[in-house]
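Engineer: Can you keep this structure in mind? I'll have questions shortly.
The values are calculated or read from the model by the stated rules, or taken from the named source; none is laboratory data. Keep in mind that this is a model prediction, so the values were computed, not measured. Positions of Cβ are generated from backbone atoms using ideal geometry, with glycine treated the same way; all protein chains shown enter the neighbour counts. What goes into the accessible areas is simple: the full protein's heavy atoms, side chains included, and nothing from ligands, DNA or RNA. Shrake-Rupley method; radii C 1.70, N 1.55, O 1.52, S 1.80 Å.
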Amino acid sequence: MDGALQLPMVDLSSTDRTLLADSLRKACVENGFFYLINHGVEEELIQRVFEGSRRFFGLSLEEKMKLLRQNHRGYSPLYSEKLNSTDNPKGDPKESIYFGAPEDMSPYGNLNQWPSQEILPCWRSTMEEYYRRILWVGKRVVSLMAVALNVDEDFFEKVGAFDPPTALLRPLHYPVAGEIDSSDKHMHGAGAHTDCGMITILVTDGVPGLQVCRDKLQKPQIWEDVHHLKGALIVNIGDMMERWTNCLFKSTLHRVTQPTQDRYSVAMFFDPSPDCVVECLKSCCNESSPPSSCGRLPKGDLQSYLWRPVLTKRGKNALYRKVLHSRTRTRDT
């Protein structure tokens, strides 16, 4: 670790739309990460989300395995995912659970898996409320990005990025070293990776661990801590937005160190809808910056880019991010 990074702050309460878009553009170009303040999500709701998450991850493994992930929804146990084989050859020492849109918003029906009301009363309603609030925040952020990119404010809405809403909400738990297999010397709670979608919106419980590498090509890599800022959400750019902006906005390499106390976070991953066409914006291209060689993702190709089946050590198919250009892409913060 090489120090702490002072992330820029983007204030959603600002009435100066131009200044707000300019500050967001600067943050996305220079860092690919920023704090989002005055976002409108109540602290009381966030605390209810964390309270329910702690209770869920505190259940027995047998109980949690009843919700084992399928159709991109459900529980992922310790070591079931490997973001970076160099960082964690056995797999990442973390556990998580995936939720998609609430049933009344999802064209796919009721795919989410929930513990029974008897075991965790109110957690479903809390998480669905949080999903709706963060979806609203994410749409606001993406509309500001459109302004910052000199396209119509509703550009991403018009190209179908949110129709239907495919964002995934993922509570995560990183146990302390003493609670996991001590025979393996894991370097990180989550190996170095980039996120694959448009943006990710993260909230943490304040326990340190998130680190970013702003120049992934530099050797040796320089890793900087991202400090918790009370009341702020953390937003980072994903690979799809980097592609849309012709690599102007940075999809920044990041990882999670192994914590010295239990660490909880909740990430919302905003992927474009499967039928959305992703291609470099004309406003991000010129003679000196022609469209990126990674090219265009036509309608229908996005889903195959985002996911591919990988055989896990348990002998079952799990869904992992596709790796392109020798960079690990996934959903962990």
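Engineer: Within region 38-87, which residues are closer than 21 Å to residue 234 by Cβ, within 18 Å of the chain's Cα centre (by Cα) and not aromatic (Phe, Trp, Tyr)?
Structural biologist: 39, 41, 46, 49, 53, 81, 83, 84
Engineer: Can you give me the number of residues within region 114-127 that are in contact with an Asp or Glu (Cβ under 8 Å, 6 or more places away or on another chain) and open to solvent by less than 10 Å² (accessible area, probe 1.4 Å)?
Structural biologist: The qualifying residues number 0.
Engineer: I would also like to ask the following. Tell me whether region 48-60 contains one or more residues that are touching a strand residue (DSSP E or B) at 6+ places or on another chain (Cβ under 7 Å) and aliphatic (A, V, I, L, M).
Structural biologist: yes
Engineer: So, one more: Report, by residue number, each residue of region 184-195 that is outside any strand (DSSP E or B) and of a type outside the set (Lys, Arg).
Structural biologist: Listed by number, the residues that qualify are 184, 186, 187.
To keep it simple, each residue is scored yes or no on (1) polar (S, T, N, Q); (2) over 30 Å from residue 220 (Cα atoms); (3) modelled with pLDDT of 85 or more; (4) assigned to a strand (DSSP E or B).
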site: 249; (1), (2), (3), (4): no, no, yes, no
site: 256; (1), (2), (3), (4): no, no, yes, yes
site: 265; (1), (2), (3), (4): yes, no, yes, yes
site: 269; (1), (2), (3), (4): no, no, yes, yes
site: 276; (1), (2), (3), (4): no, yes, yes, no
site: 287; (1), (2), (3), (4): no, yes, no, no
site: 304; (1), (2), (3), (4): yes, yes, no, no
site: 319; (1), (2), (3), (4): no, yes, no, yes
site: 333; (1), (2), (3), (4): yes, no, no, no
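Engineer: For residue 35, all conditions in the list (1) free of Cβ contacts under 8 Å to residues at least 40 places away in the same chain; (2) hydroxyl-bearing (Ser, Thr, Tyr); (3) farther than 18 Å from residue 147 by Cα hold save one; what is the number of the exception?
Structural biologist: With respect to (1) free of Cβ contacts under 8 Å to residues at least 40 places away in the same chain; (2) hydroxyl-bearing (Ser, Thr, Tyr); (3) farther than 18 Å from residue 147 by Cα, residue 35 is out only on (1).
Engineer: Report, by residue number, each residue of region 9-33 that is within 17 Å of residue 137 (Cβ to Cβ) and of a type outside the set (Gly, Ala, Ser).
Structural biologist: Across region 9-33, the qualifying residues are 9, 10, 11, 12, 17, 20, 24, 28, 33.
Engineer: Let me ask you something else. Which of the residues belonging to region 196-220 are assigned to a loop (DSSP other than H, G, I, E, B) and more than 23 Å from residue 245 (Cβ to Cβ)?
Structural biologist: Within region 196-220, 205, 206, 207, 208, 209, 219, 220 meet the criteria.
Engineer: Which residue out of 217, 229 is at pLDDT 95 or above, surrounded by fewer than 22 Cβ atoms within 10 Å (Cβ to Cβ) and more than 16 Å from the chain's Cα centre (by Cα)?
Structural biologist: It is 229.
Engineer: Are any residues in region 101-116 closer than 22 Å to residue 79 by Cα and either of a type in the set (A, V, I, L, M, F, W, C) or out of contact with any strand residue (DSSP E or B) (no Cβ under 6 Å at 6 or more places or on another chain) (or both), and if so, which ones?
Structural biologist: 114, 115
Engineer: Let me ask another. Just to check your reading of the model, which residue among 245, 204, 260 is crowded, with 21+ Cβ neighbours inside 10 Å and more than 18 Å from the chain's Cα centre (by Cα)?
Structural biologist: 245
Engineer: May I ask you to list the residues in region 149-167 that are touching a Lys or Arg at 6+ places or on another chain (Cβ under 8 Å) and open to solvent by less than 10 Å² (accessible area, probe 1.4 Å)?
Structural biologist: Once the filter is applied, which keeps residues that are touching a Lys or Arg at 6+ places or on another chain (Cβ under 8 Å) and open to solvent by less than 10 Å² (accessible area, probe 1.4 Å), region 149-167 yields only 149.
Engineer: Related question: Take region 212-259 and flag every residue that is of a type in the set (Phe, Trp, Tyr) and in contact with a helix residue (DSSP H, G or I) (Cβ under 9 Å, 6 or more places away or on another chain).
Structural biologist: Answer for region 212-259, where residues must be of a type in the set (Phe, Trp, Tyr) and in contact with a helix residue (DSSP H, G or I) (Cβ under 9 Å, 6 or more places away or on another chain): 244, 249.
Engineer: Of the residues 133, 140, which single one is open to solvent by 50 Å² or more (accessible area, probe 1.4 Å), over 15 Å from residue 49 (Cβ atoms) and of a type in the set (Lys, Arg)?
Structural biologist: The unique qualifying residue is 140.
Engineer: Determine whether residue 291 is assigned to a loop (DSSP other than H, G, I, E, B), open to solvent by 60 Å² or more (accessible area, probe 1.4 Å) and at pLDDT 55 or above.
Structural biologist: yes
Engineer: Which condition number does residue 166 fail, the rest of (1) within 13 Å of residue 270 (Cβ to Cβ); (2) polar (S, T, N, Q); (3) in a helix (DSSP H, G or I) being met?
Structural biologist: Single failed check for residue 166: (3).
Engineer: Mind listing whichever residues of region 105-115 are farther than 23 Å from residue 47 by Cβ and either touching a helix residue (DSSP H, G or I) at 6+ places or on another chain (Cβ under 9 Å) or modelled with pLDDT of 95 or more (or both)?
Structural biologist: Those that are farther than 23 Å from residue 47 by Cβ and either touching a helix residue (DSSP H, G or I) at 6+ places or on another chain (Cβ under 9 Å) or modelled with pLDDT of 95 or more (or both): 105, 113.
Engineer: Within region 140-155, does at least one residue satisfy the condition of being in contact with a Phe, Trp or Tyr (Cβ under 6 Å, 6 or more places away or on another chain), over 23 Å from residue 245 (Cβ atoms) and in a helix (DSSP H, G or I)?
Structural biologist: Within region 140-155 (the criterion being in contact with a Phe, Trp or Tyr (Cβ under 6 Å, 6 or more places away or on another chain), over 23 Å from residue 245 (Cβ atoms) and in a helix (DSSP H, G or I)), the answer is no, since none of the residues qualifies.
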